[in-house]
Amino acid sequence: GAASVHVTDPTDDRGQRLAEDLAGLETAPSEWFPWASTIMVPAAVGIIVRATAATPTFEGLRPDIVYADVAPAAAPPAHAAAAGCCIVDGLEIRAVQAAIEFQAFTGVAADVELLREALDEYLS
């Protein structure tokens, strides 16, 4: 599990509420940071999840960081790719989510790659 969770959001109230909700789970400490157009990535960070249309510039990205972009049709930010981050795009996330839901509903395992291709075709 995560040693800690750092939250930032363009809407302060929403970001603070998410940090509080995550802290309430008592699985890892959670802290809110004010939104900024440029965010310095702390050395301890290993995963960045972008789940908003706004995209700050992250300084201090490294090849050992996983950069997950929840937006299904967005291209990963160039600075994450240039830094060599392991990028998990929104199509991959949605395909895996759909496969889990399909299996829960039907009891049959879904082909994640087929779901990804279908999502890509639909959203293109």
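Derivation of every value follows stated rules applied to the coordinates shown; laboratory data play no part. Owing to the predicted nature of the structure, the values given are computational and were not obtained by experimental measurement. Methodologically, a virtual Cβ is constructed for each residue, glycine included, from the backbone with ideal geometry; neighbour enumeration extends over all protein chains shown.
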Folded to 0 to 90 degrees: helix 12-24 orientation relative to the chain principal axis, Cα: 80 degrees
Cα long-axis angle, helix 112-123 against the chain (0 to 90 degrees, to the nearest 10): 80 degrees
Two-decimal Rg/Rh across region 56-124, once Rg and the Kirkwood Rh are taken from alpha-carbon atoms: 1.08
Nitroxide proxy distance, nm - points 7 Å out along Cα→Cβ at residue 112 and residue 33: 2.8 nm
Estimated FRET transfer efficiency when R0 is 30 angstrom, pair residue 12-residue 101 (beta carbons, to 0.05): 0.40
Rg(Cα) / (2.2 N^0.38 Å) computed for the chain, rounded to two decimals: 1.17
Crossing angle, helix 90-106 versus the chain [Cα axis fit, 0-90 degrees, rounded to tens]: 50 degrees
